[in-house]
Amino acid sequence: MMRDKAKKLLAQMTLREKIAQLHSIWLYMEGEDICVKSISGMENSVGAAELYEELKFGMGQITRPLGSQEIDPVLGVRNLNRIQKYLVEGTRLGIPALPHEECLSGLMARGGTIFPAGINNGATWDPELMEKIGKAIGDELYSVGSRQGLAPVLDVCRDARWGRTEETYGEDPYLAGRMATAYVKGLQDESRPLLATLKHYAGHSFGEGGRNHAPVRVGDRELNDLFLFPFEMAVKYGKARSVMPAYHDIDGEPLHQSRRYLNDLLRERWGFEGIIVSDYEGLIQLITDHHVQPDKASAAAASLRAGVDVELPGNTLFAEGIVKALDRGLLEPEVVDEAVLRHLTEKYRLGLFENPYTREDSITLQSDKTVALAAEGAEKSLVLLRNDGILPLGGDEKIALIGPLADEPMAMMGGYAFPVHLIVSEKREGNSHVKTLRESLGAAYGDKLSYSKGCDILTRRPDKPAVFPGDVPMDGREQADYISYDMHGFIEALDCARKAEKIVLAVGDLAGLFQSGTVGEGSDVSSLVLPGVQQQLVEAVLELGKPTVIVLISGRPYHLEGADRKCGALLQAWLPGQEGGPAVAKALLGKINPGGKLPLSFPREAGSMPFYYNHKMKCAGTPIQRDFGAEYPFGFGLSYTNFTLSDIRMEKREYDTEDRVKLELNVSNTGSVAGDEVIQVYVRDRVARFVRPLKELKAFHRTTLSPGETKKLTIEIPTDLLSYTVEYGKRVVEPGEFVVMVGTSSAHLSGEFVINLKGNLRILDRQWNMESSVIEKKG
């Protein structure tokens with residue numbers, strides 16, 4: 001029905017009106033003044049008087065009306081309504097625009113709830129919580145008039161040097177797929193219409209050297225089994241309505257003009273029915289960066305024919321390129337029509353024609369419910385990596401809190417949190433709603449808590465931060481180095497530490513885009529040593545010989561050069577959002593029990609990257625390269641209590657290739673406090689036609705247990721999940737032996753069984769079973 005309505009409207013449209021639906025407009029708002037942003041340099045280029053000249057043929061989308069400027073949400077919505085009113089009442093066909101915003105860790109707009117980063121969500125191993133968070137983010141997004149969210153990130157992290165590691169759910173495709181699908185279901189909840197946007201399709205996280213936008217060199221089998229798997233799950237199970245191609249090329253083929261990946265695989269094989277939107281300025285890069293197209297006409301034709309529907313964030317390519325492509329015979333009119341039809345269909349489905357406006361009094365940000373969910377996400381994402389008994393802390397000892405992140409609200413946020421994305425806004429407005437670790441511990445310890453910063457991570461923030469790749473010079477040598485190497489604060493910090501009974505040391509990252517921070521988009525590194533002089537501070541404090549807890553607040557794993565073996569405890573907090581300070585304090589004091597698990601391995605050295613748990617035998621080298629391996633393995637995490645797995649048993653040892661593998665086990669809390677455990681099931685294919693990983697996650701379940709409590713878990717894994725790719729787009733389940741491993745991390749396995757699949761080799765259909773099931777009962 002929606003597509004039929006769109007067809008009728010399409011039949012009335014001129015070429016100019018069609019082209020207007022295939023791109024966006026990026027606006028700058030100051031008070032009630034609205035003007036158009038120039039894409040290059042983000043300067044204001046068109047005044048308010050000319051704005052409506054830009055809109056007279058209509059407009060496809062409005063780029064981040066609230067998320068790219070420090071505007072009050074009520075005023076931003078009022079301005080958005082003014083634009084929609086002109087489009088609906090002042091243009092010939094009255095087609096409203098589709099506003100979009102970033103929403104990876106919450107609505108990226110002033111006042112939005114700042115949820116934990118993607119890597120925190122992965123560390124929860126809790127898809128049900130992820131769906132609730134996705135819905136809460138969607139509710140805020142919808143309340144400010146947006147109808148499309150540019151999230152989630154489904155990139156499977158393979159190299160921790162990559163700055164966008166913090167945006168991912170980790171290094172495993174099954175974990176990423178489950179979490180991303182849950183986010184999509186929450187964001188696209190049926191209670192209000194929204195589009196989730198899957199990004200960055202696909203393989204973006206495997207660029208050469210862990211560098212942003214770098215070429216990806218990966219074969220079809222690995223691409224399909226690792227990097228495409230989460231996208232396929234989110235399309236088929238989550239019913240995601242939008243996909244964003246990545247900036248890079250795969251073996252020389254840029255995604256933004258790849259008919260093979262956008263049309264043939266995504267649309268025809270997977271059945272994706274939504275819209276494909278370009279990454280910001282991704283289309284013009286076909287000319288300027290990839291050099292695969294000579295001009296705008298050729299680039300417009302190539303991207304539209306591949307399947308791209310909408311250019312974001314402006315009209316750099318399509319407005320001019322489509323007309324020239326049609327004139328030169330490079331592009332068929334029906335290709336343009338199909339892209340317009342898809343976009344109009346989504347606008348009808350979203351109800352924009354019936355309800356193009358947003359009520360100013362309906363804006364709902366920072367509600368009690370969203371703040372509570374942000375706190376739950378932060379608490380469940382904390383991973384305890386080491387504890388010699390120092391934790392939890394008592395309430396009557398003298399504590400020295402030291403480190404550059406101990407009293408820094410920006411430390412809690414990822415690169416796509418509003419204050420980080422707009423650093424200038426942060427300087428003017430601050431973050432009064434974000435409690436630091438110092439504030440949170442101070443509430444418990446009072447004057448028994450002393451504090452010293454010790455050092456800075458950055459000398460300063462840039463006065464004019466980059467907000468997308470077009471703002472950054474390609475020659476990195478032209479960029480300023482904001483990392484601080486000043487150690488003058490060590491003297492005060494060490495004096496503070498000497499006077500205390502125990503020390504809490506907070507170190508790690510300050511997120512920032514394009515080298516304005518130490519992690520985030522474009523903030524890639526060549527080392528996994530703590531940025532600046534933090535490692536020297538850690539070592540100087542540990543030399544005092546006092547009981548010390550290290551809290552890592554970071555968007556990637558860091559190698560602590562042996563300091564982690566000298567400290568009393570190590571707590572990985574990631575980038576836990578606005579409620580991160582209280583969450584960490586509660587964990588240190590034992591008010592909550594850390595139950596998160598690592599969503600990615602902690603490699604021993606940057607020089608051994610890329611490293612990931614689900615590698616192949618020969619990845620370690622021959623002989624094994626001495627730095628290859630993990631300090632802390634994928635899936636690992638300690639607790640303040642103890643858990644035991646028992647009575648692990650397979651239903652049977654032989655299955656048909658169309659069966660479901662079933663196992664049962666008991667998990668018991670044998671300690672004295674309540675806690676969470678994550679049961680994990682891994683599988684290895686003993687003999688296959690092509691080389692397979694040593695182990696792969698195929699099922700997991702997070703459960704909460706009181707002291708002395710036992711629960712019985714029944715886990716079923718469809719044999720479809722034992723499949724792998726033999727050639728492009730073709731997945732098979734082979735008969736033969738498989739090893740099934742059950743444990744609490746990829747390296748801590750309590751049970752191992754060999755099962756045998758009988759029957760014929762089976763080629764999977766278009767719809768196949770991608771998800772295991774777990775039933776939990778009282779033991």
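The values are calculated or read from the model by the stated rules, or taken from the named source; none is laboratory data. Since this is a predicted model, take the numbers as computed values, not measurements. All Cβ positions, even for glycine, are placed from backbone atoms using ideal geometry, and neighbour counts span all protein chains on display. For the accessible areas, the whole protein counts, side chains as well, though only heavy atoms, and no ligand, DNA or RNA atoms are used. Shrake-Rupley method; radii C 1.70, N 1.55, O 1.52, S 1.80 Å.
Quick one: Karplus J couplings for region 638-644, per residue in order, coefficients 6.51, -1.76, 1.60, θ = phi - 60°, nearest Hz, x for Gly and Pro?
Taking θ as phi minus 60°, the curve returns 8, 8, 7, 10, 10, 10, 10 Hz for region 638-644.
Test of understanding: what is the full-extension gain from ARG3 to SER526, defined as 0.36 nm times their sequence separation minus their Cα-Cα distance?
Full-extension gain reported as 183.4 nm.
Which is the longest run of the chain containing none of the GluC sites (Glu not before Pro) found in DSSP loop states (not H, G, I, E, B) with at most 11 other C-beta atoms within 10 Å?
With GluC sites (Glu not before Pro) excluded where exposed in loops, the chain gives 544-779 as its longest stretch.
Note down the nm distance, to one decimal, between modelled labels 7 Å out along Cα→Cβ at GLU128 and at GLU492.
Those two pseudo-labels are separated by 4.8 nm.
Which aspartates and glutamates, if any, have their Cα less than 19 Å from the Cα of LYS56, not counting same-chain residues under 8 positions apart?
Result set, ordered by chain and number: GLU17, ASP33, GLU89, GLU311, GLU320.
Mind listing the long-range amide H neighbours of LYS398? Cut-off is under 5 Å, sequence gap 5 or more, other chains count too, H placed in the peptide plane at 1.01 Å from N.
Result for LYS398 returns GLU501, LYS502.
Using +1 at the C-beta of Lys and Arg and -1 at the C-beta of Asp and Glu, which of GLY389, LEU317, PHE57 has the Cα lying farthest in the positive direction of the dipole of the chain?
GLY389
Can you give me the C-alpha center-to-center distance between region 361-375 and region 704-779, rounded to a whole angstrom?
38 Å
So, R0 is 35 Å and r is the distance between the beta-carbons of TYR728 and ILE775; what FRET efficiency does that work out to, to 0.05?
With a Förster radius of 35 Å, E is 0.45.
Could you work out how much longer the chain between GLU273 and GLN536 gets when fully extended? Use 0.36 nm per residue separation minus the Cα distance between them, nm to one decimal.
89.3 nm
By DSSP, what percent of the beta bridges with both residues in the chain are antiparallel, rounded to the nearest 5?
That works out to approximately 60 percent antiparallel.
Mind scanning LYS502/LYS586; LYS185/LYS296; LYS199/LYS324; LYS132/LYS695; LYS239/LYS652; LYS132/LYS591 and naming the pairs with a C-alpha gap bigger than 27 Å?
Among LYS502/LYS586; LYS185/LYS296; LYS199/LYS324; LYS132/LYS695; LYS239/LYS652; LYS132/LYS591, the Cα-Cα distance tops 27 Å for LYS185/LYS296; LYS199/LYS324; LYS132/LYS695; LYS239/LYS652.
How much accessible area per residue does the chain have, counting only protein heavy atoms and a probe of 1.4 Å, in square angstrom?
With all protein chains present, the chain gives 35 Å² per residue.
Residue-wise, which Karplus ³J(HN,Hα) couplings in Hz belong to region 664-675, taking 6.51 cos²θ - 1.76 cosθ + 1.60, θ = phi - 60°, and x for glycine or proline?
Computed from phi, the couplings for region 664-675 are 10, 7, 10, 10, 10, 8, 9, x, 10, 10, 5, x Hz.
Out of region 664-744, which chymotrypsin sites (Phe, Trp or Tyr not before Pro) are coil in DSSP terms and have no more than 16 other C-beta atoms within 10 Å?
Of the chymotrypsin sites (Phe, Trp or Tyr not before Pro), the ones in loops of region 664-744 whose Cβ has at most 16 other Cβ atoms within 10 Å are PHE690, TYR728.
Report the label-to-label distance for GLU501 and GLN12 in nanometres (one decimal), using points 7 Å from each Cα along the Cα→Cβ vector.
Modelled inter-label distance: 7.7 nm.
First compute the accessible area of the chain with a 1.4 Å probe, then give the percent of it belonging to carbon and sulfur atoms.
Carbon-and-sulfur percentage of accessible area, whole number: 47.
What's the extension gain from CYS619 to LEU764 if we count 0.36 nm per residue and subtract their Cα-Cα distance?
Result for the pair: 49.3 nm of gain on full extension.
Counting Lys and Arg as +1 and Asp and Glu as -1, each charge on the Cβ, what is the dipole of region 658-747 about the Cα centre in debye, to the nearest 20?
160 debye
Provide CYS35, CYS619 ordered by accessible surface of protein heavy atoms (probe 1.4 Å), highest first.
CYS619, CYS35
Ignoring everything except DSSP H segments at least 4 long, calculate the 222 nm mean residue ellipticity for the chain; use -39,500 (n - 2.57) per segment, divide by total residues, nearest 500.
That comes out to -7500 deg cm²/dmol.
Once ligands and nucleic acids are excluded and a 1.4 Å probe is used, how much of TRP768 is accessible, expressed in Å² to the nearest 10?
My reading of the accessible area for TRP768 is about 20 Å².
Using alpha carbon centroids, what distance separates region 526-580 and region 328-346, in Å?
After rounding, the separation between the Cα centres reads 53 Å.
Order MET650, MET59 by their accessible area, 1.4 angstrom probe, all chains in place, largest first.
Heavy-atom accessible area, descending, gives MET650, MET59.
For the chain, give the magnitude of the charge dipole about the Cα centre (Cβ charges: +1 Lys/Arg, -1 Asp/Glu; no others), in debye to the nearest 20.
1480 debye
Would you list, by chain and number, the aspartates and glutamates whose Cα falls below 19 Å from the Cα of LYS453, excluding same-chain residues fewer than 8 positions away?
ASP407, GLU408, GLU439, ASP486, GLU492, ASP495, GLU501, ASP509, GLU539, GLU543
Calculate, for ALA688 and LYS239, the FRET efficiency according to 1/(1 + (r/R0)^6) with r their C-beta to C-beta distance and R0 45 Å; round to the nearest 0.05.
Result of the calculation: an efficiency of 0.90.
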